[in-house]
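First comes the structure, then the notes that go with it.
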Amino acid sequence: MKKGKKLIVANWKMNPGTAAEARSLFLASRRAAAEARRLSVVVCPPFPFLSLFSRLANGVISLGSQDACWRNGGPYTGEVSPEILKDIGVTISIIGHSERRARGETDDIVSRKAQAVVREGITALVCVGERTRDENGDFFATLREQIKASFSKVQRRFLSDIIIAYEPLWAIGRNWRDAATPEAVREAAIFIRKVMADIFGDAGAQALVLYGGSVGPENAQALLRDGDIAGFLVGHESLEPDAFAWLTQIANDL
Ligand code: PGA
């Protein structure tokens, strides 16, 4: 990831089903990234595909993981450590995605994982976001508590390796029309940086915030222009090579 560049992170989730499909999707994403040199583009495939791509990245596109363990080494069956991820070339780890939180990952685990990856020199992309919104804006209090708890174990000196993804649960995996509006994203991004400033002081106010939740070529421009964000975490649209190329081109040209 390069400083000052907008950042597009592709979260493939548990897709695609075969190494051959993954390779072809990766090469298409790399072509899109090569046409969008004003952006930093990161692909987060399922773990087994990461090492397939280590040598294909070529400095055009970076590798990210969808999770990481909070420990390096030891009796943790099924886990993958920050040390292993670093060794195969991972530069960003998504931490605390809502789909993992839904499977029992607590704020405390999220904060341990974030601290573990930044200690290894990997950027932690920490996901936060409310489940639902209410007219009174009470969800902001929930969001504040989630952010505070999700960073409770993170040391201030690693703050430059922290990025926050604002991913309201109600907007994930839908049509772009159901995504958060640029105004709502802007309000949330300002709020998140304020909470980060409360926790970490002035440096917290500089934290980069991405938006994720049904981002596609149709809403990318308005969100980037008016959302006060540094880029996107893109789910299902990152599995469609044409849509992803279009999206990166829009972000690049802005
Ligand atoms: P979506 O997913 O783009 O499919 O809404 C985003 C995410 O969950 O990271």
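With a 1.4 Å probe and every protein chain left in place, work out the accessible area per residue of segment 6-253 in Å², rounded to a whole number.
With the other protein chains kept in place, segment 6-253 gives 45 Å² per residue.
Give the distance, in whole Å, between the Cα centre of segment 2-37 and the Cα centre of segment 219-250.
12 Å
Distance cut-off 23 Å, Cα to Cα: go down the list Lys86/Lys153; Lys13/Lys113; Lys6/Lys153; Lys13/Lys86; Lys13/Lys153 and report the pairs above it.
Going by Cα-Cα distance, Lys6/Lys153; Lys13/Lys153 fall outside the 23 Å limit.
What's the FRET efficiency of Leu52 with Glu187 using the Cβ-Cβ distance as r and R₀ = 30 Å, to the nearest 0.05?
With R0 = 30 Å, the Cβ-Cβ based efficiency is 0.15.
Please calculate the 1.4 Å probe accessible area of Asp108, with all protein chains present, and give it to the nearest 10 Å².
Ignoring ligands and nucleic acids, Asp108 comes out at about 60 Å².
Express the carbon and sulfur contribution to the solvent-accessible surface of segment 212-253 as a percent, rounded to the nearest whole number, probe 1.4 angstrom.
Within segment 212-253, the accessible surface is 46 percent carbon and sulfur.
Can you classify segment 6-253 as rounded, prolate or oblate using the Cα gyration tensor, where a ≥ b ≥ c are the square roots of its eigenvalues, rounded means a/c under 1.5, and otherwise it's prolate if a/b beats b/c and oblate if not?
oblate
What order do Arg133, Arg101 take when sorted by accessible area (1.4 Å probe), most exposed first?
Arg133, Arg101
Near Val154, within a Cβ-to-Cβ distance under 13 Å, what is the net charge of the other residues, with Lys and Arg +1 and Asp and Glu -1?
Taking every other residue near Val154 into account, the sum is +4.
Counting Lys and Arg as +1 and Asp and Glu as -1, what is the net charge of the other residues whose Cβ lies under 15 Å from the Cβ of Ser51?
The answer is +1.
Using Cα centres only, tell me the gap between segment 77-125 and segment 132-162 in whole Å.
What the calculation gives is 17 Å, centre to centre.
The values are calculated or read from the model by the stated rules, or taken from the named source; none is laboratory data. What you see is a predicted model; the values in this text were computed from it and never measured. Note: ideal-geometry Cβ built from the backbone for every residue, glycine included; neighbour counts use all protein chains shown. These area figures cover heavy atoms from the full protein model, side chains too; ligands, DNA and RNA do not enter into them. Shrake-Rupley method; radii C 1.70, N 1.55, O 1.52, S 1.80 Å.
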